[in-house]
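Below is the structure I would like to discuss, written out as structure tokens.
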Amino acid sequence: MIEKALKGNRSYWIWTLFLGALVASGLSAYYQQRWLGLTVTGMGREASWGLYTAQFTFLVGVAASAVMVTLLHQKELTKTVIIALFMAASATLMSILFAVADMGKPDRLLNIIFYTNPRSLVFWDLLFLSGYLATTLTAGWAMLGAEKKGVPPPAWVKSLLNLSIPLAVGIFFATAFLYGGLPDLSLWVTGVLALRFIASAFAAGMALLILVTLIVKKTKGLDTGKEAREKLAMVATYAGVANVLLLGVQFFTTFYGNAPLLWFSLIAGVVSVAILLIPASRKSQQWLVAACTALVLSVWVDKSAGLLIGGELFPAPLGSIVTYAPTSTEMFVVAGIWSFGSLLFTALLKVVVAVKAEHRG
Amino acid sequence: MKSRKLLWLVTFAAISLFAAFYLFSNGEAETPQKPLARVSVVDSTKCIAPKEFMRANHMQVLHGWERSVVRDGDRVHIASNGSRFQKSLGTCLGCHNNRLFCFSCHSYANVKPKCWNCHLSPMETQ
Amino acid sequence: MMNEQRREFIKKTALGVFVGLGAASGLVPAFSLEKTALPVWDEKPVPGKIRWGMLIDTRKCKEGCQQCVAACHHEHNVPAFKNRREEIRWIWKNSYKNVFPTADNAGASKEIQSRTFLSLCNHCADSPCTQICPTGATFKRWDGIVEIDYHRCIGCRFCMPACPYGSLSFNWQDPRTAIVDPVTAYPTREQGVVEKCNFCSDRLIKGLQPACVEVCPEQALVFGDLNDPASDIRVLLESNVTMQRKPELGTKPSVFYII
Ligand code: SF4
Ligand code: SF4
């Protein structure tokens, strides 16, 4: 089936080449980082986590939230399931790549398996992520293969999908409490953080999925259905409201209010949720696109800026607020990994579209 | 006659024990930089394992040493013939004191062990 | 007091010496590294029997003196990166506000608040750093020392924010470029791993006191077994008012301060 990704029109190839170029520059930046050490990033003693960790957190949320489509198990969503699975797989792969990019000794990655520390949430998180990657990718591919042959998917796909649900839940909990477990955060902050991680994940994940289905519809004429998008928008709205409320709470209880980027995040969040709450604007495609874009941006900025101010989400242990500014090397690596994930997702979507077109035709 | 001999023996043993303890504790207390005792046997005719075995398995042996010393504090290697060795790179290099011992083979086989990333290699010292 | 403490050491070590007479030592040629000294504990240690601890009498510690810091960093090949972002430290001096941020400042005099205090890894009995480490590279030893296994660390740095005392440093680049006066008796670290104070576990096996304790001209530092009621440190802990850093977090530090 994969050969279907090798056929495409002009804009498809421009897009893939563009992504490929970014991957290449990311690789060369990463090579530099491997050679010289993480000193080429903007991270340092007090701000020991940076952009990579931010992308990791964001993508983990997006990946795990895609499980909602399986979970809802509704007729309207049947056409969306494969796309959601592939989005989950690509996002999971990217998140793992970001975790690896952040390591000082990635060549020792397998030490996590050789010498497991079962008390460590980091270990569980990476374990769940790998499992989730395997299940979503396999299930999506098998479903697609079945569709190509015009037969119902084999029975084990169902069990795989069922397995992906606890894995996603595990990812949510491990990640949320991974950050929550840092001792300098009070219990209150911890609780809010964990809840907000889950809420923002569903908001951004569903919004992104809506955008993807709209892009597929526009460029390839494959429509997964307006009703499906409405269902997803509903989930995004609920999650978005919860996220905005919790973010607001954090503005009052911490010094989030001092960071301009977080103000942007809050305002973008409020505006997008408002658009989604008004039935008239939710039904209009333009407004839906605007709201979803704003929602994704809001969450992404919040995940990144929460780190950029250094002092809140990951407080420097000695109470000092250290400013952290990513370097260009770091940004190239980030762009490279994003492009790699997008490339994979594009290829997978291409196969989906081709199979569905064949089936229709 | 017999009892006299025994007395001498006991006295001698007591004195030497006392002296040993005194010397040792003094040496330790006054010049703490020195190793605790200089009495030792590094017998270069003794090997921790046969040559052929070591040639093929020295990495596993070293890895095992590293693990048991760092993780369990188990610092003494007992060879199959009962002789005891301290688990340390220094023990190896004590006998294999040709500075090129590790390097000649490794460069021939084109392997790059990571030991010397942290442990100073014989090549880097005088 | 010093002598008593040495006796305590010798008591612990005497047995080991007789057992260890056969072990290799001494005769190692001059070029070799990390010389094989006769180990004091050459038997498999009993987990949990000893818990090493330190008491810092900050009244004796002289303002401006850096001897312990210099001795430790020299002895362990700690690189001297100048910029703050990449700084690596095992023991250092810091202000009252930073060392005891959660202590009640109202109770501290101006004099105390203006002094600097030694900080180092607390070798916590309930250590968040070991709990979060996905590979067990940071681990609690049989003798209470929280050690980092540099062979195993993958450099994920989760331990850094997990430690509430900022005790861990990361090697952002190859540390060997910044080691001023390298010693051959102890290894260096490599690019990409974290490092911190090891309570001189390398010296303890030779029956020595930690380098900082030994070098301090004011004898402001006392080191010993917290599990032994007769040890100097226990006696001093019982006869003085001491405090730990951020005790409210429940990490149970093994480093105590007399203010
Ligand atoms: S002080 Fe920090 S690094 Fe040391 S044991 Fe405690 S938590 Fe771990
Ligand atoms: S950086 Fe090393 S010691 Fe710290 S948590 Fe990661 S693997 Fe463990």
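Of the residues that sit in the range B:97-126 and are more than 10 Å from chain C (Cβ to nearest Cβ) and in contact with a Cys (Cβ under 9 Å, 6 or more places away or on another chain), which one is surrounded by the fewest Cβ atoms within 10 Å (Cβ to Cβ)?
Within the range B:97-126, the match that is surrounded by the fewest Cβ atoms within 10 Å (Cβ to Cβ) is B:V111.
The rows are residues; the columns are (1) free of Cβ contacts under 8 Å to residues at least 24 places away in the same chain; (2) within 10 Å of ligand 2 (Cβ to nearest atom); (3) in a loop (DSSP other than H, G, I, E, B).
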{"position": "C:P134", "(1), (2), (3)": "no, yes, yes"}
{"position": "C:F139", "(1), (2), (3)": "yes, yes, no"}
{"position": "C:W142", "(1), (2), (3)": "no, no, yes"}
{"position": "C:R152", "(1), (2), (3)": "yes, yes, yes"}
{"position": "C:P164", "(1), (2), (3)": "no, no, yes"}
{"position": "C:T177", "(1), (2), (3)": "no, no, no"}
{"position": "C:V180", "(1), (2), (3)": "no, no, yes"}
{"position": "C:R189", "(1), (2), (3)": "no, no, yes"}
{"position": "C:G192", "(1), (2), (3)": "no, yes, yes"}
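Hey, another quick one. Mind counting the residues in the range C:166-225 that are touching a Leu at 6+ places or on another chain (Cβ under 8 Å) and β-branched (V, I, T)?
Looking only at that region, the number is 5.
Another question about this same structure. Could you tell me whether any residue of the range C:76-90 is surrounded by fewer than 19 Cβ atoms within 10 Å (Cβ to Cβ) and under 16 Å from the mean Cα position of the chain (by Cα)?
No, the range C:76-90 contains no residue that is surrounded by fewer than 19 Cβ atoms within 10 Å (Cβ to Cβ) and under 16 Å from the mean Cα position of the chain (by Cα).
Among the residues of the range C:134-183, how many are at pLDDT below 90 and more than 15 Å from ligand 1 (Cβ to nearest atom)?
Number satisfying all stated conditions: 4.
Residues in the range C:121-145 that are more than 11 Å from chain A (Cβ to nearest Cβ) and surrounded by fewer than 24 Cβ atoms within 10 Å (Cβ to Cβ): how many?
Qualifying residue count for the region: 7.
Starting from residues that are without any contact (Cβ under 8 Å) to a residue 60 or more places away in the chain and more than 7 Å from every other protein chain (Cβ to nearest Cβ), keep the ones in the range C:166-175 and report whichever is surrounded by the fewest Cβ atoms within 10 Å (Cβ to Cβ).
Out of the qualifying residues, it is C:L168.
Please find, within the range C:107-133, the residue that is modelled with the highest pLDDT out of those that are more than 15 Å from ligand 1 (Cβ to nearest atom), in contact with a helix residue (DSSP H, G or I) (Cβ under 9 Å, 6 or more places away or on another chain) and not charged (D, E, K, R).
My answer is C:T116.
While we're on this one: Residues being touching a Phe, Trp or Tyr at 6+ places or on another chain (Cβ under 9 Å) and more than 16 Å from ligand 1 (Cβ to nearest atom): count how many of those fall in the range C:241-259.
So the count comes out to 2.
Here is a further query. Is at least one residue of the range A:111-127 among the charged types (D, E, K, R) and within 11 Å of another protein chain (Cβ to nearest Cβ)?
Looking through the range A:111-127, at least one residue is among the charged types (D, E, K, R) and within 11 Å of another protein chain (Cβ to nearest Cβ).
Pick from A:G44, A:G26: which is crowded, with 19+ Cβ neighbours inside 10 Å, touching a Phe, Trp or Tyr at 6+ places or on another chain (Cβ under 6 Å) and not polar (S, T, N, Q)?
Of the residues listed, the single one that is crowded, with 19+ Cβ neighbours inside 10 Å, touching a Phe, Trp or Tyr at 6+ places or on another chain (Cβ under 6 Å) and not polar (S, T, N, Q) is A:G26.
The values are calculated or read from the model by the stated rules, or taken from the named source; none is laboratory data. As the structure is a computational prediction, the values presented were derived from the model and not from experiment. Every residue, glycine among them, receives a Cβ derived from its backbone with ideal geometry; neighbour counts consider all protein chains shown.
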